[in-house]
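Step one of this worksheet: look at the structure below.
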Ligand SMILES: Cc1ncc(COP(=O)(O)O)c(C=O)c1O
């Protein structure tokens, strides 16, 4: 297909999507010059219809730990389909669900002995809320400020940033927030004995890739035990070897009562979620024969998700992707530090395994501060979006800023990322930051974007 024909085809796709799905999403991607058509994705590489190769440093927010379309996961799914097996009978014992649950619980270890399957991270958080309430007979749920737990009503109730909840009416009552890392504030709240669960991400992802002090989670766990609150870890982004270990909990030597997994569990190909929990929590919900199906979900144990989960675990482990996450994460952090250390706008580079964040700060030099403040006044995310746009358009890297902290560029490539790709990424980030450090085209482009946004708003 010629480029002209391709661009007409892709234009038609965009306009149909805008007409029938979400026009604002198309507008936003157009504005950021990121509305490309992806034709083929493999490993960390995304090939577009206009002949570009984009290297993925976002992984669909930690979905693609094994890389895009890993051949072993694809083959496992193909074989499952060809078998014509019991995909979703609902009135049977789903053998593959038992097999995957066994594998997950063995790896999670500690108290985590049972699994409830679902189809997304949010659905997992909803289940955790219900299970914790059933187990403790308390209604309250405590969460950390700036967390991201999902956008269904229950999960949304555990997110303090009003951007997500504004306009959607009242959410769950009896929820409260404490500052991440502050165990004194945590104890103050837990003392009331009103809370069924403290739900927290071991490393806060969308808050800005915040890694807690080494003893925070252990102390939080022991406070939860003291006051009869369940200690629940949302590992939707951090699980499945993203931080180097099967669960990020394993870095901090904690034993949660409930862990929520999703995203990377099925290799990025089929929706899935899993809520791992103690026997006691599970028994509180499925406590008698009439309650055998009191919490279920139509798609939860479907054979494609379960098969994809089993194949994904096998790929992660036979390729030692956990070890790679640790080694590559350390390499990337060192290289980024070396390349960006001299720029005053770069505040910190942090992370665990291959979940990294580059935090930026307002420039001090007047010549940069004036344009910076002008753009921040238009939208707090403007600076970060220009970085993302330039990395994409000029250098072929897909990234994003954190959802609850626009000053942190998230760096989370598939765990199969190669050294040459990391080196090229570091050079690209340096080049874009260098540009931002001079009062030239970076800022005039930002102004152009601000104007286009203002006129089209
Ligand atoms: C930590 C965390 N929890 C829960 C969710 C919600 O998952 P989902 O989008 O699959 O509902 C997300 C989504 O990004 C997440 O990052």
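Some observations on this one:
- Filtered by the rule that a residue be more than 18 Å from residue 280 (Cα to Cα) and either modelled with pLDDT under 95 or within 13 Å of the ligand (Cβ to nearest atom) (or both), segment 209-240 gives 209, 210, 214, 234, 235, 236, 237, 238, 239, 240.
- Taken over segment 320-338, the criterion of being in contact (Cβ under 8 Å) with a residue 40 or more places away in the chain and over 18 Å from residue 430 (Cα atoms) is satisfied by 321, 322, 323, 324, 325, 326, 328.
- Scanning segment 21-55 for residues that are at positive phi and either at pLDDT 95 or above or surrounded by 16 or more Cβ atoms within 10 Å (Cβ to Cβ) (or both) turns up 43, 51.
- For segment 360-443, the helices (runs of 4 or more DSSP H) that sit wholly inside it and include 2 or more residues that are buried (at least 21 other Cβ atoms within 10 Å of the Cβ) and more than 16 Å from the ligand (Cβ to nearest atom) are 382-395, 419-436.
- On inspection, residue 63 qualifies as under 19 Å from residue 302 (Cβ atoms), touching a residue at least 12 places away in the same chain (Cβ under 8 Å), within 16 Å of the ligand (Cβ to nearest atom) and in contact with a helix residue (DSSP H, G or I) (Cβ under 6 Å, 6 or more places away or on another chain).
- Across segment 69-106, the qualifying residues are those that are surrounded by 15 or more Cβ atoms within 10 Å (Cβ to Cβ) and within 14 Å of residue 278 (Cα to Cα), and the one among them that is nearest to the chain's Cα centre (by Cα) is 104.
The values are calculated or read from the model by the stated rules, or taken from the named source; none is laboratory data. These figures come from a predicted structure and were not determined experimentally. Here the Cβ is made from the backbone with ideal geometry for all residues, glycine too, and neighbour counts use every protein chain on show.
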